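Please treat every number below as a calculation from the coordinates, not as lab data. Treat the numbers as computed from the prediction; the structure is a model and nothing was measured. Neighbour counts run over all protein chains shown; Cβ positions are idealised from the backbone, glycine included.
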Amino acid sequence: MSLQISPFVFTCPQNARSPAGTCLKMTTKRYFTRQSAANVDGITLLFGHGVGAHKEVWEPIIEEILLVHKHPRVREAWALDRQDHGDAALLNSEELARNRPDGVPSYEWSEAIAAFACSPRMKGHRIATVSHSAGAISMVGASKFVHEASIPFVAMILVEPSMVAAELDPYEEGGIMPLTAAIRLRKDTWPSREAAHKWMQSRFPWNTWDPRVLRAHIDHGFKNTPEGNVTLKCNKFHEANAFMDKEAHFDSVDQVGRVCRSLPFHVVWGNRDDIVPEAGKGSISDRSQGRFVASITKMEGGHMLVQEHPTELTIQLCRLVDVIAASLRAPVAQSRL
């Protein structure tokens, strides 16, 4: 059995708050096997990456779900690029330079995710989202662009979501500003992909990544320059600016409270509080504020679970897919896990 991969470009809807006359594209990939695609009652997983990453960072996890575990409750997987990340950054390069010098705000990716999930291509699919870090902000935000009774998702899995209640403002505490300053100063050009790979293998945080994830980053996160070097597809200034999307961080937590009665949220945290502080983690599931989540999972690791522990995270995702599938009305196959 082999993994089938089909690239697809989705033209994002025109947003009233976007510059007039522009229309960005969102690059996606569909992953499936002949066996999984036949399971029309199964769950379709929709993956969203964190800031500075891209859709292919999920490939080791997707491959394990579909090829190693052959999960009988999964129909297929889709991975999406934020419009200024990964392959989307290449397709949108002229529009980004002309009309989005600061990059793409979270709400704009949210609207594209909602439009894609509601598009004819996804009709009849039971969609469960899986998002990491700031990708969770846009995934949760997507639920704002549809009526609550018509939300196209059966559940959301949030992996180390970088969401925090406004009363715990990390901008006021000063944690965000040094991070964005470091990103803007970071090295982003190398003579070759091989040179970039060697450089990253010896430096934090890349030297903590699973080799498969680092390889996917090298293969899919870089582009050639006219000078014969390689550089990141995602402009490092766009990456830094994404962290400054302050209100989206706060509003996504509020949105959990607005829709948690009709949309189950499953949260996966690492047991090391290296990026999201303990208080911030608790704010997402603060029942006193009306924020209820269906489950909270703690696993070994820190914020970069996707990059550092893909195999262990896959096991948790498969378990949560079982939980989500069991909650749906129509019968589905029993898991082998």
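One quarter of the surface of the convex hull around the alpha-carbon atoms of region 194-331 equals 11.2 nm², the direction-averaged projected area. Could you tell me whether region 268-326 comes out rounded, prolate or oblate from its Cα gyration tensor? Rule is a ≥ b ≥ c as square roots of the eigenvalues, rounded for a/c under 1.5, then prolate if a/b exceeds b/c, otherwise oblate. Note, shape of region 268-326 comes out oblate. With each label modelled as a point 7 angstrom along the Cα→C-beta vector, the ASN99-ARG272 pair spans 4.3 nm.
Of the trypsin sites (Lys or Arg not before Pro) found in region 35-105, none is in coil by DSSP with at most 12 other Cβ atoms within 10 Å of its Cβ.
Cα-based values for region 1-105, radius of gyration first and Dmax second, are 15.8, 47 Å.
One chain, two ends: GLU247 and ARG121. Fully extended at 0.36 nm per residue, the span grows by 42.2 nm beyond their Cα-Cα distance. Look at the dipole of region 176-267 built from charges on Cβ: of ALA216, HIS266, ALA182, the Cα furthest out on the positive end belongs to ALA216. Note on the chain: antiparallel DSSP beta bridges, both residues inside, total approximately 40 percent of the bridges counted. Once you charge only the Cβ atoms, +1 for Lys and Arg and -1 for Asp and Glu, what is the size of the charge dipole of region 81-148 about its Cα centre, to the nearest 20 debye? Rounded to the nearest 20 debye, it is 320 debye. Simple spin-label estimate for THR297 and LYS198 gives 3.9 nm between the two label positions (7 Å along the Cα-to-Cβ direction from each Cα). Rounded is the label for the chain, because a/c, from the alpha-carbon gyration tensor with a ≥ b ≥ c as root eigenvalues, stays below 1.5. Cross-link pairs exceeding 31 Å between alpha carbons, from the set LYS123/LYS281; LYS55/LYS281; LYS55/LYS123; LYS144/LYS281; LYS29/LYS236: LYS123/LYS281. Extension gain for the segment VAL40 to SER150, taken as residue separation times 0.36 nm less the Cα-Cα distance, is 37.6 nm to one decimal.
Across the alpha-carbon set of region 115-264, the Rg to Rh ratio works out to 1.04, Rh being the Kirkwood radius. Shape annotation for region 179-221: C-alpha extents along the principal axes are 28, 23, 18 Å, from largest to smallest.
Placing +1 on each Lys and Arg Cβ and -1 on each Asp and Glu Cβ, with no other charges, gives region 229-307 a dipole about its Cα centre of roughly 200 debye.
Relative contact order of region 80-226: what whole-number percent is it, with Cα pairs under 8 angstrom and at least 6 residues apart?
Reported relative contact order: 18 percent.
Here's the list of aspartates and glutamates a cross-link from LYS246 could span, going by alpha-carbon distance under 12 Å and ignoring same-chain residues fewer than 8 apart: ASP169, GLU172. Beta bridges per DSSP, both residues in region 1-131: antiparallel share near 50 percent.
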